[in-house]
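The values are calculated or read from the model by the stated rules, or taken from the named source; none is laboratory data. Note that the coordinates shown come from a computational prediction; the quantities given were computed from them, not determined experimentally. Because the Cβ atoms are built from the backbone with ideal geometry, glycine has one as well, and the counts that use them run over all protein chains shown. Side chains are part of the model used for accessible areas, which takes the heavy atoms of the whole protein and leaves out ligands, DNA and RNA. Shrake-Rupley method; radii C 1.70, N 1.55, O 1.52, S 1.80 Å.
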Amino acid sequence: NYEAYKYLGSSYEMLGQPEQAITYYRKSLSLNKNDAETYRLLGNVYFYINEYELAKGQFKKALDLNPNDFLILNGLGLSYMQLGNYEKSLLYYNKSLDVRYNEPAIEGLGKAYYWLEEYGKAYFFLNKSYNFNPGNNVVVSYFLSSLNTIGMYDEAISLAKEALKKELNNSHHYR
């Protein structure tokens, strides 16, 4: 049955075996072409192996079947961002937020605005993302760059010192 193949795909994905995961997700879809979740999962695997066009295609198929799934919308936002289409990335991240408030969409909006050189908007969303998860070093990096670009140097210095202090404190826990 298609569910068993889907779960095999998921298991292989968790084991870090993307080619096996793809094989089983495709087998699942050959038995049930109306399962949005399997298209989304297949899109995730393609994204993981840097096949962004293929990922985008699977996410679009999933979206056709389930247009109100914020995970699918985020997948499209991520795919378009990796493909350099930041405007489309913004479109899907905003749609995701319309469905459900979620931090990955907030972070994605911040990054997309950053790459579009709209640093004020990038600051707005990266600040929200940072407040949600101050330990996310990628967000901290984009946030610091945005702050410097818009001339908020004192805030950038404060944030950088805070991030370094947290990193130092966290490193003591691993000794």
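Could you identify the single residue in 110, 77, 84 that is at pLDDT 95 or above, closer than 24 Å to residue 147 by Cα and assigned to a loop (DSSP other than H, G, I, E, B)?
On the way: 110 fails: assigned to a loop (DSSP other than H, G, I, E, B); 77 fails: assigned to a loop (DSSP other than H, G, I, E, B).
Just one listed residue meets the conditions, 84.
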Inside the stretch 48-74, the number of residues satisfying the requirement of being part of a helix (DSSP H, G or I) and under 14 Å from residue 35 (Cα atoms) is 9
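Would you be able to say whether some residue in the stretch 4-12 is over 20 Å from the mean Cα position of the chain (by Cα) and not in a helix (DSSP H, G or I)? I'd like the intermediate steps shown before the answer.
Step one: filter the stretch 4-12 for residues over 20 Å from the mean Cα position of the chain (by Cα), giving 4-9, 11-12.
Now drop any that are not not in a helix (DSSP H, G or I), which leaves none.
Within the stretch 4-12 (the criterion being over 20 Å from the mean Cα position of the chain (by Cα) and not in a helix (DSSP H, G or I)), the answer is no, since none of the residues qualifies.
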Considering the stretch 136-165 alone, what residues qualify as being open to solvent by 60 Å² or more (accessible area, probe 1.4 Å), touching a Phe, Trp or Tyr at 6+ places or on another chain (Cβ under 7 Å) and in a helix (DSSP H, G or I)?
149
Which of (1) under 20 Å from residue 43 (Cβ atoms); (2) open to solvent by 50 Å² or more (accessible area, probe 1.4 Å) is the odd one out, the single condition residue 133 does not satisfy?
(1)
